[in-house]
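Here is the structure we will look at.
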Amino acid sequence: MKNVVKYLPFVNTIYNSLFQINIVWSDIMYVVCNDHLEIAIEEFVETYEQSPDIYELDQVSFTDWTSPRTCEFCDRQPKYLVV
């Protein structure tokens, strides 16, 4: 699992760029717990035909975005951002 997680130093820049071109985050990302990470990856690949970037939520922050309090698939606390 550790090898799956990627860290991108310019995440905030990417985030701001996406908003400047009016892409809605909820359409291209998943915020998930550990148990649903694999499902989020599979859905992302099926939809976008490319592998996602995966970030640990406690390692990234954005100025205009707060992480949801629950996983997209259950009521547990999310751990990963799949985008």
Exercise for the section: Among what's in region 30-52 and is touching a helix residue (DSSP H, G or I) at 6+ places or on another chain (Cβ under 8 Å) and hydrophobic (A, V, I, L, M, F, W, C), pick the residue that is nearest to Trp65 (Cα to Cα). Expected result: Val31
Problem - Count - residues of region 43-83 that are acidic (Asp, Glu) and either in a loop (DSSP other than H, G, I, E, B) or in contact (Cβ under 8 Å) with a residue 40 or more places away in the chain (or both) - result: 6
Handout entry: Boolean, Tyr7 is at pLDDT below 95, assigned to a helix (DSSP H, G or I) and of a type in the set (Phe, Trp, Tyr)
Key = no
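The values are calculated or read from the model by the stated rules, or taken from the named source; none is laboratory data. In this text the structure is predicted, and so the values were computed from the model without any measurement. Positions of Cβ are backbone-derived with ideal geometry, glycine not excepted, and every protein chain shown enters the neighbour counts.
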